[in-house]
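Derivation of every value follows stated rules applied to the coordinates shown; laboratory data play no part. Given the structure is predicted, the values throughout are model-derived calculations rather than measurements. Note that we place each Cβ from the backbone using ideal geometry, even for glycine, and neighbour counts take in every protein chain shown.
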Amino acid sequence: MKKPQRSSERLRKKEGFTPVEQLVDIVAVGQVNHPELSCGFYILRRKHAYRCVFGLRTPGIHACQSQEALVDACAGLVTLCRDLPAGGRLQLRLSSFVACADRLEELETLRTGSPGESLDWLMAGELERLQRLAADGRRKQIELWLFPSWAEWSAQAYARDWIDRVALGAQEWWLSYLGESEADLHTQMHRLVSAAHAHCREWVHLLNLGARLPVVPLSSEELLGWAWKQVNPSPPPAAPPRLYQLAGNELKETAQGELSFASALFETPPRLGADRVSIARADGRWKHCAVLVWDEKPAGFSDPVQQLRYLWNLIARQEVIDTEIVVELSTLNERTSRENAVRLQRQASAGLKLSQRQGKIVDVAQQMKLEEAAELEKSFIEGARPLYVAVCVLVWRDEPLRLADGCRFISNFFNRPARLVREVSYAWKLFFQCLPFVWDGLLVAPFDRRLELLDEEAPGFLPLVRVQSADRTGIEFISEEGQSPVWLDLYRRHRNLALFGTTRSGKSVLLEVLMRHALVRQIPVVAMDFPKPDGSSTFSDFTDFVGGSYFDVGRHTLNLFELPDLSGWSAEVQAERLEEFQEFLVSALMVMVLGREQVDPLLTQTVRSLLQLGVVAFWRDPTIQRRYERASRAGFGTTAWQEYPCLKDLVPFLLPERLGVDSDDSSLRPAFEHIRLRLAYWLNSRVGQRLSAPSTIRSDAALLVFALRNVSNIEDMAVLALANYAAALRRALATPASLFILDEAPILFECAEIASLVGRLCANGAKAGVRVVISAQDPDTIEKAPNSSKIFQNLRTRLIGRIEPSALPSFVRLFGYSASSLARNASAQFFPNSREVFSRWLIDDGGLLIPVRYYPGFRSLAVVANNPDEQRAREAFLASVGKRYPDRLSALSDFTEHYLQMLRSEPG
């Protein structure tokens, strides 16, 4: 007699393993190349039906906008919900991960191109600080993706009735019998891809105009990389397993290997559990994910701003790391919803009547239900639309035991009745439903756990708020909200920058990183500074450290007639730029001869004409040309360099007989005499002598700093400003991009000529690629300077640090800020934090306001420390080179640690 099987044995026989590739429905990716809109998309298939899912990148809604702007953005999202296409789905995915791999790679690339050991040492310090920030959870990479799709598509969709469906089925069987099913499939895919492009245009139009969200479609390569990153630790393959490309009217299909797309997608299969999913990491360990499901919606929102920021307030918390919010919008049957609303109203009315028959004078509960049902019916009459909203939160941790703490914090963050619960029965299934290349909708199976909301309620569950950044590279700040990187790029994108902050607000450190990043990008820097009486300044030590040229009028000479290096340009461009420099020299000589107050129009016109003739004769003279060629060929510091033409060589060309004019002409005699007198003065004056001899510093150095020390004469300062402008012009003419920095602007702007040249650079510098950076304590002094309107109009990017309360009205008046937006800048809390070593700033990039922190590299701090105590301590360490330390970098490394201890011992 056969022994009966126990139930556990029967169940064990039925148990099996489901291949992980069967949990996803992707069969290919598509790409449509069109002049107006190119897009990529996932192609999903289930039986004979297809669905295309697009990927869109969007900056989202900026978190630091005014209340009016956020209310307007909320209205746009309501419009999006009302216009959601029937059968369509929109998945929104906001992720916040502690990561810095992309930035590390960028800095390593810049470090590779560093022109010197000192810059390489400083860049290594920035890399080290970046890694510390990421390890401490103070730098989070926040990304926002949209994945829209439309209703499923199949050949059966074109059938009008059951007869057409039978005919299409018979046709499919017949084509398969004849062996022509491949051609029919190609035709179907052509129609599918063409329809996908049309639907992508509709989605982009809806999101751009309806929701007012700027979106950019992802390409097929980007979509493949994104999908691969979700389940694999390694870099994605160069080509997808199957790709359909439509260019014009031609569909091209390419396949790689024998594996299906779903099988090839999982290089390392994930570990699926009831309460978590584990994904392999590059180091061989596993990253674990828990899934939280939104079970109950909140009672309501106080205003549209609070509604819009509802989920962002969670992501912005510093404790929330390695977290994703996945939300899916989908349409539901409006007729059923309306009937349910009417049914609720009838039930509430019946319950209220029953209470009255039972003798209850007031039944608060039934009355509230009746009012809610009436409000719901009213909303439908006014045009409101019901939606399904599915919300999941994915929490990632390196250790499975830490998942509980992360889930508990997020669950407790929201006040009741809103409720998030951790899924402990089928977390693996919900994890896959969160992926856009899975057919099933989010929270649809095995039980429908979606929320039914009206379009006016849905914006509270759309994770579209984040801190925006106008750039993707450059100088990196960390936003106060969300701790995400915010970049300011002055190198690939032309912009002028104003830097405002009181003493000890951190301006010097920011100027250092601006200069350093320019230098490692091979962008030359010219700076003007007003040093202390001993000659030291913000830039003196840094310039010496990186091997730049520091022009001190008391120690060095700089030839005003030194030509720019135009060897990298074509002959035509060389002639054009040489003519520009020649015109500048005439203008500079005009200032030296006549000064800024040119009261006699006839004398002014005559002097300009004579100087123009003299300069032209000077350039054309064969002897002068040979001296230029010999000096340029021999190079700086050689004997031939000492014969470089300069101002004194121009004087013989300013004689009547050399210019071919009548020396007895009474109208020319005063002009000649005035020119000779003024040039003789400059050739014998302290400042003039420094500009009238061959340069003793390299004017072609990557970093050239002008120090206006012990220059009190306005006329001397004006001529030195011209020399500075000449240096900036030389660099601008010789290179496609350059940086001009003006520090201590309030002092320097007292000279009208300096203000004029800065205004000229701000207004016209973009043509020559000159980026102007102005550092000041407040804008009042700039406002009083000549050409202030030109300066302010072209300073569209501003960095505002700690300011004095008395300066607040000037910022409000000149830049149109509200007093509330700058209130924190004027408070004592806005000073740099010496314990955590960061400074606070407000970035204004064309009206986009972002409160940020700047975390400098510790090595940079040690190099630019410029108060007397800090300088003495640094000099003491450097004096030990050759004794305690083998080189100055070792000494500075030790000084860095010493300096950090000094900083952290200070209060604040």
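Quick notes
- Only Lys, Arg (+1) and Asp, Glu (-1) charged, at Cβ; the chain dipole about Cα centre in debye: 2640
- Residue-averaged [θ]222 nm for the chain, counting only DSSP H segments that reach four residues, each worth -39500 (n - 2.57): -13000 deg cm²/dmol
- Which of 442, 885, 624, positive extreme of dipole for the chain (C-beta unit charges): 442
- Think of the chain as having a plus end and a minus end, set by charges on the Cβ of Lys, Arg, Asp and Glu; of 702, 237, 852, 237 sits farthest toward the positive end of this dipole.
- Cα gyration tensor, region 558-691 - rounded (a/c under 1.5), prolate or oblate: prolate
- Shape call, region 778-903: gyration tensor on alpha carbons, a/c limit 1.5: prolate
- Cβ-based net charge around residue 196, under 13 Å, with every Lys or Arg adding one and every Asp or Glu removing one: +1
- Between residue 820 and residue 202, the modelled label-to-label distance comes to 4.2 nm, taking each label 7 Å out from Cα in the direction of the beta carbon.
- Counting only alpha carbon atoms, the long axis of helix 507-520 and the longest principal axis of the chain meet at about 90°.
- Put a plus charge on the Cβ of each Lys and Arg, a minus charge on the Cβ of each Asp and Glu, and nothing anywhere else: the dipole of region 820-907 about its Cα centre is then about 140 debye.
- Summed residue charge, Cβ within 9 Å of residue 28's Cβ, Lys/Arg positive, Asp/Glu negative: +1
- Angle of helix 162-178 to the longest C-alpha principal axis of the chain, folded into 0 to 90 degrees and rounded to 10: 70°.
- Between the listed residues 499, 394, 539, the Cα displaced farthest toward the positive end of the dipole of the chain, a dipole computed from Cβ unit charges relative to the Cα centre, is found at 394.
- Each Lys or Arg adds one and each Asp or Glu subtracts one; over the other residues with Cβ under 14 Å from the Cβ of residue 580, this totals +1.
- Range of Cα positions in the chain per principal axis (Å), largest first: 131, 77, 64
- Extension gain, residue 570 to residue 230, is 117.4 nm, computed as 0.36 nm per intervening residue step minus the present C-alpha separation.
- Under 17 Å from the residue 117 label point (7 Å along Cα→beta-carbon), backbone N, region 539-563: 544-548
- Principal-axis tilt of helix 571-594 within the chain, Cα atoms, nearest 10 degrees: 60
- Highest-first arrangement of 765-778, 71-84, where packing means the average Cβ count within 10 Å: 765-778, 71-84
- Total charge dipole magnitude, region 558-691, about the Cα centre, Cβ charges on Lys, Arg, Asp, Glu only, Debye to nearest 20: 540
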